[in-house]
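The values are calculated or read from the model by the stated rules, or taken from the named source; none is laboratory data. Everything numeric here is computed off the predicted structure, so don't read it as measured data. Positions of Cβ are backbone-derived with ideal geometry, glycine not excepted, and every protein chain shown enters the neighbour counts.
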Amino acid sequence: MEDWKEIEEQMRLRIWGGFDTAETFKQWFLVDYVTDWRNPDNRAPFEALVDRLFGEFREEQKSWEFPTDHDLLQQAFAELERQGVMVLQNMKGTSSSAPYEALDELKERSMEFEVIYRLQRSGIIDAFDELEIEDKFYYGWLDSKPVKIEGYVYYTGHHVDKVIENGKLYLGYQDFYNDLKIKQDIAEAIFRTLKDAGLQVAWEGEASRKIEVHMKWQKRE
């Protein structure tokens, strides 16, 4: 028999993360919460609970003022992307798997850039002269412009659970070149950009330490 009180607490945390809709939640997480999920009689209370919790979540969103801390976070992340820092949000893995997910994303962005760059060199599309391309660096394409990719910043689904519980979002980061100076520059850029966006940020100033954002997690569905 399902412990629906405990299940509701777990589901509430995940739903308030803001990354799912009611329909996707029912599709992806049924097997996580219902033992004999093939039985319609067991699915019914789960689906009713999902609908009720999403209803509460949507009602709560109506009282949120703009901008929320999450809105400010997204503004900062957009600026970091323009500065060449890839943003990876709500990663499914752990911090130890971040480099692999980052490399997958880097590969996709680099391939897109390479295609556009070859079209430019062939004269098929207009040339861009905003950036001098260097072979030793990776590049991506953002807002119709080439961007040199220095590294990445990330947080995982586990970090989302924690920020909902205690109001602290921990951001990890890394460069792609095994260069401590570049990593330190990335950390300073993240710290500065978050503060400029109006967020409360704590960091010990060393590239080996994560950056801590003090915030109320209010991500709209």
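Being surrounded by fewer than 16 Cβ atoms within 10 Å (Cβ to Cβ), of a type outside the set (Ser, Thr, Tyr) and either assigned to a loop (DSSP other than H, G, I, E, B) or at pLDDT 95 or above (or both) narrows it down to one of Leu131, Leu169, Leu194, so name that one.
Numbers: Leu169 fails: surrounded by fewer than 16 Cβ atoms within 10 Å (Cβ to Cβ); Leu194 fails: surrounded by fewer than 16 Cβ atoms within 10 Å (Cβ to Cβ).
Of Leu131, Leu169, Leu194, the one residue that is surrounded by fewer than 16 Cβ atoms within 10 Å (Cβ to Cβ), of a type outside the set (Ser, Thr, Tyr) and either assigned to a loop (DSSP other than H, G, I, E, B) or at pLDDT 95 or above (or both) is Leu131.
Count, please, the residues in the range 18-32 that happen to be surrounded by fewer than 16 Cβ atoms within 10 Å (Cβ to Cβ) and at pLDDT 90 or above.
Filtering the range 18-32 for residues surrounded by fewer than 16 Cβ atoms within 10 Å (Cβ to Cβ) gives 19, 21, 23-24, 27-28, 31-32.
Next cut, at pLDDT 90 or above only: 19, 21, 23-24.
Number of matching residues: 4.
Pairs needed: first member in the range 85-109, without any contact (Cβ under 8 Å) to a residue 12 or more places away in the chain; second member anywhere, among the hydroxyl-bearing types (Ser, Thr, Tyr); C-beta distance under 9 Å; at least 6 residues apart or different chains.
Here the result reads Ser97/Thr156, each pair linking the range 85-109 to a residue that is among the hydroxyl-bearing types (Ser, Thr, Tyr).
A quick yes/no check of all residues on (1) aromatic (Phe, Trp, Tyr); (2) at pLDDT below 90; (3) touching an Asp or Glu at 6+ places or on another chain (Cβ under 9 Å):
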{"site": "Phe57", "(1), (2), (3)": "yes, no, yes"}
{"site": "Gln74", "(1), (2), (3)": "no, no, no"}
{"site": "Phe77", "(1), (2), (3)": "yes, no, no"}
{"site": "Glu108", "(1), (2), (3)": "no, no, no"}
{"site": "Phe113", "(1), (2), (3)": "yes, yes, no"}
{"site": "Arg118", "(1), (2), (3)": "no, yes, no"}
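What number of residues within the range 141-166 satisfy the criterion of being in contact (Cβ under 8 Å) with a residue 40 or more places away in the chain and either in a helix (DSSP H, G or I) or buried (at least 21 other Cβ atoms within 10 Å of the Cβ) (or both)? If you could, list the steps in order and put the result at the bottom.
Step one: of the range 141-166, the residues in contact (Cβ under 8 Å) with a residue 40 or more places away in the chain are 142-143, 147-158, 160-161, 163-165.
Adding the requirement that they be either in a helix (DSSP H, G or I) or buried (at least 21 other Cβ atoms within 10 Å of the Cβ) (or both) leaves 147, 149-158, 160-161, 163-165.
Final tally of qualifying residues: 16.
Do you know which residues across the range 197-206 are surrounded by fewer than 17 Cβ atoms within 10 Å (Cβ to Cβ) and touching a residue at least 24 places away in the same chain (Cβ under 8 Å)?
Gly198
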